[in-house]
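Data block below; observations after.
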Amino acid sequence: MSTSVRSFAKINIGLKIGPAREDGFHELRTIYQTVGLADLVRVDVGRGLGIEIVCRDKRVPTDESNTCWRAAERVLKALKTRGKVRITIEKKLPVQGGLGAASSNAVATMLALERELKKPLAEEERLRIASEVGSDVPLFLIGGTVLGIGRGEQVFTLEDLPSWHCVIATPDVGVSTPQAFADWDRQHADKLTARRVSDKMDVFSRSVYAWLSGSRFSPTGVPAGWDRAEALLLDLVRTGIENDFESVVFPKYPAIREAKRALERAGAKYVSLSGSGSTVYGLFLHAENAGNAAQKLSDNGVPAHSTVTLPREQYWKEMFGK
Ligand code: C5P
């Protein structure tokens, strides 16, 4: 017997980087949104001991540095169980792409392993393990639209945004997240700038507040005389919510900036870097425009896919679906 789980990707709608903390991590503010592209993670448990990772993609580590390995080890320990755990990852998402693929794989492993062992973890245990494995892992225990604070691991359920068409474009360059944070630190080294960084965190929070409770909206969140998906997208642009990593990643990797411009030219309403990249995504109101944009980017040598943003209910339904 084995359990297969779809391991969906996320994008970041806005990402504000705060000061580096004493533990070396950076304080963050971000909105995570799950999207319809996924890896497939299969878990089976047999007799014996140990954890084995199987993946055809040679860029994926198969030792204890793999997030799935680390998640599985912790789940076994928390459930006081032993066994031979084999985790097979069918990779479709880019590796190191800013889409949280490795983090999502870790949650898929946790959930599949619990099912295989027929022993559920307590919610709090699940969250503890997820945040130990990585900052981007806990969001996948919620799915849909999620607020992330702290180092990104403190997650809060937000009311789902409408489902937009979404083009994911991943130029073929690897961006190291720790390096991107280090570049950010260098850019904001002096004290005065550090204070400005904190102020900007507050501005970000206010922008998100303004965006999600815009004056155009009735208390139910449905704008009078407006299509909600369209109004929210226009407001997102107007409110100026951005990803801070763009200012360090674009100068270093012009191909990523170029992909963002290509999405803008192709008619995306909102375009942004996801995480520290290299993925940039564009949000569209119409499937046809999104499909054409993905085709155009692919024709020009930038791997691109058209998908949709995935609300919470769908995220959970499709995760275990056939
Ligand atoms: O938590 P995770 O393993 O994904 O983080 C990878 C690295 O990214 C950390 O070791 C740290 O260098 C950096 N990071 C950070 N601040 C965050 C999240 C990650 O500096 N909020």
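The values are calculated or read from the model by the stated rules, or taken from the named source; none is laboratory data. Being a predicted model, the structure only gives us computed values, none of them experimental. Quick reminder, even Gly has a Cβ in these numbers, built from the backbone with ideal geometry, and neighbours come from all protein chains shown. Areas reflect the complete protein model, heavy atoms only, side chains present, ligands, DNA and RNA absent. Shrake-Rupley method; radii C 1.70, N 1.55, O 1.52, S 1.80 Å.
Data overview
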{"item": "Modelled label reach - SER65, point 7 Å along Cα→Cβ, segment 153-178 residues with backbone N closer than 18 Å", "result": "174-178"}
{"item": "J(HN,Hα) series, segment 164-169, from Karplus relation 6.51 cos²θ - 1.76 cosθ + 1.60, nearest Hz, glycine and proline x", "result": "9, 6, 9, 9, 9, 10"}
{"item": "For LYS119, distant residues with modelled amide H under 5 Å away", "result": "none"}
{"item": "In sequence order, calculated HN-Hα J values of segment 145-152 (Karplus, 6.51, -1.76, 1.60; Hz; x Gly/Pro)", "result": "9, 9, 8, x, 10, x, 8, x"}
{"item": "Cα centre as origin, Lys/Arg/Asp/Glu Cβ charges: segment 90-221 dipole, Debye", "result": "200 debye"}
{"item": "Rounded if a/c under 1.5, otherwise prolate or oblate - segment 78-203, Cα gyration tensor axes", "result": "prolate"}
{"item": "Solvent-accessible area per residue, Å², over the chain with all protein chains present [probe radius 1.4 Å]", "result": "48 Å²"}
{"item": "Options GLY301, LEU263, LEU273, ranked by Cα towards positive dipole end of segment 247-305, top entry (Cβ charges)", "result": "LEU273"}
{"item": "Cα gyration tensor shape of segment 1-131, rounded if a/c is under 1.5, else prolate or oblate by comparing a/b with b/c", "result": "prolate"}
{"item": "Inter-label distance, nm, simple model (7 Å from Cα along the C-beta direction), ASP172/GLU22", "result": "4.7 nm"}
{"item": "Dipole moment magnitude, nearest 20 debye, segment 143-193 about Cα centre, only Lys, Arg, Asp, Glu C-beta charged", "result": "140 debye"}
{"item": "Helical mean residue ellipticity (222 nm; -39500 (n - 2.57) per DSSP H run of 4+; nearest 500) of the chain", "result": "-12500 deg cm²/dmol"}
{"item": "For segment 253-276 versus segment 13-70, the gap between their alpha-carbon centres in whole angstrom", "result": "24 Å"}
{"item": "Out-of-range pairs (alpha-carbon distance over 24 Å; input LYS16/LYS317; LYS84/LYS118; LYS200/LYS296; LYS92/LYS269; LYS269/LYS317)", "result": "LYS16/LYS317; LYS200/LYS296; LYS92/LYS269; LYS269/LYS317"}
{"item": "Amide H contacts under 5 Å for GLN154, placed H, 5+ residues apart", "result": "ILE149"}
{"item": "Carbon plus sulfur fraction of accessible area for segment 94-191, probe 1.4 Å, in percent", "result": "53 percent"}
{"item": "Cα coordinate range in the chain, projected on the principal axes (Å, largest first)", "result": "57, 48, 44"}
{"item": "Tensor-based shape of segment 143-185 (alpha-carbon gyration tensor, a/c under 1.5 rounded, otherwise prolate or oblate)", "result": "oblate"}
{"item": "For GLY18, distant residues with modelled amide H under 5 Å away", "result": "GLU27, LEU28, ARG29"}
{"item": "Residue among GLN295, GLN179, GLN154 with the largest mean-square fluctuation in a Gaussian network model of the chain, springs linking Cα atoms under 10 Å", "result": "GLN179"}
